[in-house]
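The values are calculated or read from the model by the stated rules, or taken from the named source; none is laboratory data. Here the structure is a predicted model, which means the values were calculated and not measured. Cβ placement follows ideal geometry from the backbone for every residue including glycine, while neighbour counts extend to all protein chains displayed.
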Amino acid sequence: MPEEILVNDRVQRRFQYRITASIFNYHRGTIDVLDLGDDTCVVVYSTDADPRTMALTIGSATAGALDELKRLMDTVVAGATP
């Protein structure tokens, strides 16, 4: 789907985008990386969409992508190649 980047802030570790496809009246996705201060972090994804049912669809797909990101990062930290 076509997207537009709204925010790419390296200091705040925030990325926001919107899907511009006509099936949405409104969409905004936000990815925040929160530093836990012990060389670890938490990645938080949120989405707001109209129609609301699309937010559920996007959220489900994103959950899978975040699981894969964690798997890849765990592999890198362990010293193996992904």
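Conditions: (1) surrounded by 12 or more Cβ atoms within 10 Å (Cβ to Cβ); (2) part of a strand (DSSP E or B). Residue 58 meets all but one. Number of the miss? It fails just one condition, (2).
A single entry from 40, 47 fulfils the requirement of being surrounded by fewer than 11 Cβ atoms within 10 Å (Cβ to Cβ) and either at pLDDT 85 or above or of a type in the set (Val, Ile, Thr) (or both): 40.
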